[in-house]
């Protein structure tokens, strides 16, 4: 008779319509029962309408009937809340003391770097009034799902994305909401979205230390914070506010990332510190956290972000940021 592992491997070839992730990736396998030559599989119906349930059932039966010694296959669906399906290893918040320092860029590059290392990665765009993640990844598709759950939208590389901008009629429509509504939206993105199995969920926070960062740090199981900053003295000053917030919330600061750190002159290869001397060492010392990396002013990054092709950015910076982050990640219980 086939083992549970063999059955799960077979079901990993069944993709859920509208997202391109498998039943195993979405953690939708609720039960597997094998009795003699009969196999019964119970799947979650979360975010899958009746028509797509029929499609998933037919595909699941098809792959399971090919298993050795199986003569009869029964596939049924049961209700489950999205949070029952979500199995996320680490939730990381990327924050900054002020706007304009490239916090979303840091989020995107970290997600790409972790994805290239083989990890399952998602990005929750929590900057409700200034979302830029969908534009950066070239995503315009509306999320699927129904009243039982919301499906993420998958970027070309397989990174899972959720952003308020994906629900708006036009990407440049303004979200004119007060704090409580914004906080509720963040909680829904956490509670009502089917993230499934992820190694890392990166939360792109809005700048500052107000409602949304507070909601995320109080409502989500944040493993740690990455703080983005630029070399200017003003940015360095407000970085300390972000550091103080994380410390008061008792959330580890995993590292600092300095953006717009320097410009490489193409003629000579010399590094020019346009915004002044690097504050990397100073900020690292103030936060009691390592400097994960320094991102240069690179016209290629700007071009690819504008084109929605950030996933094509090829630089040692991407791998370096992800590697440095992994080296400073806290261990989960049991690891």
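The values are calculated or read from the model by the stated rules, or taken from the named source; none is laboratory data. Quick caveat, the model's predicted, so the values are computed rather than measured. Positions of Cβ are generated from backbone atoms using ideal geometry, with glycine treated the same way; all protein chains shown enter the neighbour counts.
Among (1) at pLDDT 95 or above; (2) in the same structural domain as residue 211 (by TED's automatic domain parsing), which single condition is residue 76 missing?
Every listed condition holds for residue 76 apart from (2).
Okay, residues lined up against (1) in contact with a helix residue (DSSP H, G or I) (Cβ under 6 Å, 6 or more places away or on another chain); (2) farther than 14 Å from residue 200 by Cα:
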| position | (1), (2) |
| --- | --- |
| 89 | no, no |
| 95 | yes, yes |
| 114 | yes, no |
| 127 | no, yes |
| 131 | yes, yes |
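Looking at the stretch 242-270, which of its residues are surrounded by 14 or more Cβ atoms within 10 Å (Cβ to Cβ), under 28 Å from residue 181 (Cβ atoms) and over 23 Å from the mean Cα position of the chain (by Cα)?
Taking the stretch 242-270 as the starting set, the residues that turn out to be surrounded by 14 or more Cβ atoms within 10 Å (Cβ to Cβ) are 242-247, 249, 251-263.
The next check asks that each one be under 28 Å from residue 181 (Cβ atoms); those that pass are 242, 244-246, 249, 251.
Within the stretch 242-270, 244 is the sole residue that qualifies.
Looking only at the stretch 271-292, decide whether some residue is within 15 Å of residue 108 (Cα to Cα) and free of Cβ contacts under 8 Å to residues at least 60 places away in the same chain. Even if it seems obvious, please write down each step before you answer.
As a first pass, look at the stretch 271-292 and keep what is within 15 Å of residue 108 (Cα to Cα): 292.
Now narrow it down to the ones that are free of Cβ contacts under 8 Å to residues at least 60 places away in the same chain: none.
Checked the stretch 271-292: no residue is within 15 Å of residue 108 (Cα to Cα) and free of Cβ contacts under 8 Å to residues at least 60 places away in the same chain.
Just to be sure I understand, how many residues within the stretch 106-141 are outside any helix (DSSP H, G or I) and over 25 Å from residue 215 (Cα atoms)? Please lay out each step first, then the result.
Here is the first cut: in the stretch 106-141, the ones outside any helix (DSSP H, G or I) are 117-132, 138-141.
Filter once more, keeping what is over 25 Å from residue 215 (Cα atoms): 117-119, 138-141.
Total meeting the criteria: 7.
Look at the stretch 119-156 and say how many of its residues are within 23 Å of residue 317 (Cα to Cα) and touching a strand residue (DSSP E or B) at 6+ places or on another chain (Cβ under 9 Å).
Looking only at the stretch 119-156, we keep the residues that are within 23 Å of residue 317 (Cα to Cα), and these are 119-125, 132-138, 155-156.
With the extra rule that they be touching a strand residue (DSSP E or B) at 6+ places or on another chain (Cβ under 9 Å), the set shrinks to 119-125, 132-134, 137, 155.
Count: 12.
Restricting to the stretch 75-87, give me the number of residues that are surrounded by fewer than 19 Cβ atoms within 10 Å (Cβ to Cβ), out of contact with any helix residue (DSSP H, G or I) (no Cβ under 9 Å at 6 or more places or on another chain) and within 22 Å of residue 223 (Cα to Cα).
2
Condition check ((1) farther than 24 Å from residue 198 by Cβ; (2) in contact with a helix residue (DSSP H, G or I) (Cβ under 7 Å, 6 or more places away or on another chain); (3) crowded, with 17+ Cβ neighbours inside 10 Å; (4) outside the structural domain of residue 146 (by TED's automatic domain parsing)) across all residues:
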residue	(1), (2), (3), (4)
13	no, yes, no, yes
16	no, yes, yes, yes
19	no, no, yes, yes
28	no, yes, yes, yes
36	yes, no, no, yes
41	no, yes, yes, yes
49	no, no, no, yes
60	no, yes, yes, yes
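Sort out which residues of the stretch 129-149 are surrounded by 22 or more Cβ atoms within 10 Å (Cβ to Cβ) and over 19 Å from residue 111 (Cα atoms), and write them in order of number.
Residue satisfying the conditions is 149 alone.
Is it the case that some residue within the stretch 206-222 is part of a strand (DSSP E or B) and surrounded by fewer than 19 Cβ atoms within 10 Å (Cβ to Cβ)? Even if it seems obvious, please write down each step before you answer.
First, pick out the residues of the stretch 206-222 that are part of a strand (DSSP E or B): 222.
Imposing the further condition that a residue be surrounded by fewer than 19 Cβ atoms within 10 Å (Cβ to Cβ) reduces the set to none.
No, the stretch 206-222 has no match at all.
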